[in-house]
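Here, each number is a calculation from the coordinates, and none is a lab measurement. Treat the numbers as computed from the prediction; the structure is a model and nothing was measured. Quick reminder, even Gly has a Cβ in these numbers, built from the backbone with ideal geometry, and neighbours come from all protein chains shown.
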Amino acid sequence: MQTGRENWQTRWGFIMATVGSAVGLGNIWRFPTVVGRTGGALFVLIYLIVVLLVGVTAMIAEFTLGRHTRQSPLSAFRTLKPNSSWWAAGALSVAAVVLILSFYSVIAGWSVAYVIRYWTGALSGLDAAGLRAAYEGLTAEPRWTLVLHFLFMSLTALVVSRGITGGIERWTRVLMPSVVVLLLFLLFRVLQLPGSGEGLRWLIAPDFALLNFATVLEATGQVFFSFSLGMGIMITYGSYLFGDDNIPQSAIFIAGADVAIALLAGLTVIPAVFAMGIEPEMGPGLIFVAVPAVFNTLPGGSFFGGAFFLMISFAALTTTLSLLEVGVSVIMDEWGWTRQRATYGAASIIFLLGVPSALSEGAVPLMVLGMTFLDAVDFFASNILLPLGGILTAIFVGWIWERRSVMNELERAGHRFLLAPLWFASLKYVVPLAIIMAIAGRFILG
Ligand code: PFF
């Protein structure tokens with residue numbers, strides 16, 4: 001076992017870093033979009049059930065694996081089952097984080113551009129058509145998309161190079177609360193809009209006629225994406241955890257915070273969309289076109305618009321930190337590189353991998369299987385690698401790793417885990433089954 005591994009300085013710092021990883025574009029853009037597509041409050045209800053049964057269970061498993069081994073994902077599996085192929089589960093997660101970070105940083109870069117554009121007045125007064133043209137103009141401009149992607153990766157690397165306490169913990173402790181404050185501030189403004197009440201009702205009152213299997217599958221995929229599961233992130237963050245942390249309690253708190261922020265984002269974005277008379281199913285354009293169109297109708301719209309994109313940029317940064325940290329911790333553990341060298345090495349490769357994604361959204365026609373390059377990478381990483389990583393981790397902790405050893409780790413420092421039998425059952429059966437159905441459903445139902 002390695003000595004001298006870094007630790008979170010405080011429990012609060014660990015919680016802010018993990019909530020920071022979980023809260024990102026998935027909450028602010030993807031959640032409202034999925035809610036829009038699948039029918040409002042009913043999805044929210046199903047989502048909450050999946051969070052409790054699948055999300056919290058899987059998160060506890062990842063933290064336990066990380067804290068017990070105090071290793072990055074690749075070596076965590078190998079330490080517990082040497083001379084087996086289980087290391088491949090860790091390798092899979094590394095591939096997934098690298099791919100996700102490569103395109104996530106591109107979209108995060110656009111949101112930084114929107115802060116600047118709003119606060120310099122470049123977007124003020126534009127209507128939905130003008131905003132759409134501005135969005136398409138930005139994504140089709142190769143120089144800018146690349147510069148923004150580069151800037152975002154550099155900022156991520158700068159923080160990660162400072163280490164766990166001096167970098168990630170210090171930054172997320174400031175950025176995460178700022179996201180919540182900005183979100184509440186925007187929510188308050190949006191709820192004053194005429195017509196927003198209808199959107200609110202749509203989000204709160206479930207219509208059971210819409211219940212179908214696809215909605216349940218969609219909820220499972222969204223929980224994994226939103227909680228940053230199946231990627232080794234929670235294994236890595238768990239490896240910096242103190243021995244006396246109560247893991248199940250932390251996981252419930254983190255899940256609750258992530259759900260609360262997704263709901264707040266839904267409450268902000270969806271009523272805004274209703275107030276504008278726009279259909280909520282419209283997809284990614286939602287945050288770059290529809291929501292700005294709403295802010296542009298308000299007095300001080302440029303200010304609110306800038307604040308909205310600042311919030312998104314902060315939320316995205318706390319996520320990209322966690323994605324890069326997985327790669328960095330693997331390189332440090334495997335090759336013994338210094339943190340500086342590992343960080344800048346990994347960040348450079350990921351920047352290069354992101355170049356085709358950055359160019360594919362309008363600048364260069366780069367298509368794969370009928371999708372833009374960026375969408376194809378997203379699809380492959382989020383719908384194939386991520387669920388595979390999730391299922392392997394659940395099987396490993398539920399079936400392969402000795403149960404007594406798992407319990408000893410969970411109940412370290414005298415914390416009793418009374419729901420352990422339920423948790424094990426969920427980890428062994430519910431989580432793998434839910435993921436298999438979600439993968440199958442994605443390909444069968446489309
Ligand atoms: N949880 C992040 C979000 O909601 O935006 C996205 C994400 C991060 C997904 C890390 C997967 C991952 F491994």
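Structural remarks
- Modelled this way, with points 7 Å down the Cα-to-C-beta line, the labels at Ile49 and Arg404 are 3.8 nm from one another.
- Segment 1-62 gives an Rg/Rh value of 1.13, both radii derived from C-alpha positions and Rh following Kirkwood.
- On the basis of the beta-carbon distance and an R0 of 22 Å, Trp12 and Ile252 show a calculated FRET efficiency of 0.90.
- Along its first, second and third principal axes, ordered by size, segment 200-356 spans 56, 36, 31 Å in Cα coordinates.
- Unit charges at the beta carbon, dipole of segment 371-446: most positive-side option, Leu433, Leu410, Phe396: Leu410
- Residue by residue, segment 176-187 carries 3J(HN,Hα) couplings of 5, x, 5, 4, 5, 4, 4, 5, 5, 4, 6, 4 Hz when phi is fed to the Karplus relation 6.51 cos²θ - 1.76 cosθ + 1.60 (θ = phi - 60°); x denotes Gly or Pro.
- Segment Val368-Ile116, extension gain: residue separation times 0.36 nm, minus the distance between their alpha carbons: 87.5 nm
- Distances between every pair of Cα atoms in the chain, grouped in 20 Å steps from 0 to the bin holding the largest one, split as 27, 59, 14, 0 percent.
- Its Cα centre serving as origin, segment 114-185 has a Cβ charge dipole (Lys and Arg +1, Asp and Glu -1) of approximately 240 debye.
- The chain: most fluctuating residue of His415, His149, His68 per GNM, C-alpha cutoff 10 Å: His415
- Local electrostatic count at Phe303 - Lys and Arg +1, Asp and Glu -1, tallied over other residues with Cβ under 15 Å: +2
- For segment 211-221, backbone phi angles converted through the Karplus equation (6.51, -1.76, 1.60; θ = phi - 60°) give residue-by-residue couplings of 4, 8, 5, 4, 5, 5, 5, 4, 5, 5, x Hz, Gly and Pro being listed as x.
- Efficiency of FRET between Ala129 and Ala420 - r from beta-carbon atoms, R0 56 angstrom, step 0.05: 0.50
- Contour excess over end-to-end distance, with Cα ends at Ile444 and Thr297 and 0.36 nm allotted per residue: 48.7 nm
- Of the residues Phe31, Gly137, Met234, the one whose Cα sits farthest toward the positive end of the charge dipole of the chain, with +1 on the Cβ of Lys and Arg and -1 on the Cβ of Asp and Glu, is Met234.
- Segment 281-391 - charge dipole about Cα centre, Lys and Arg +1 at Cβ, Asp and Glu -1, debye rounded to 20: 260 debye
- Segment Leu352-Leu158, extension gain: residue separation times 0.36 nm, minus the distance between their alpha carbons: 68.1 nm
- Likely footprinting exposure, Asp258, Asp245, fewest C-beta neighbours within 10 Å first: Asp245, Asp258
- Ordering Trp86, Trp119 from the fewest to the most neighbouring beta carbons within 10 Å gives Trp119, Trp86.
- The chain: most fluctuating residue of Phe103, Phe208, Phe373 per GNM, C-alpha cutoff 10 Å: Phe208
- Charged neighbours of Leu264, selected by a Cβ distance under 15 Å, balance to +1 (K, R count +1; D, E count -1).
- Helical contribution to [θ] at 222 nm, DSSP H n ≥ 4, -39,500 (n - 2.57), averaged over the chain, rounded to 500: -22000 deg cm²/dmol
- Paramagnetic reach from Ile436 (point 7 Å along Cα→Cβ, amide N under 17 Å) across segment 392-406: 392-400
- Contact order normalised by residue count of the chain, Cα under 8 Å, 6+ apart, percent: 35 percent
- Placing +1 on the Cβ of every Lys and Arg and -1 on the Cβ of every Asp and Glu, with no other charges, gives the chain a dipole of roughly 820 debye about its Cα centre.
- For the pair segment 353-428 / segment 24-43, the C-alpha centres are spaced 20 Å from each other.
- Principal-axis tilt of helix 142-161 within the chain, Cα atoms, nearest 10 degrees: 40 degrees
- GNM top mover of Thr120, Thr319, Thr38 - the chain, alpha-carbon springs below 10 Å: Thr120
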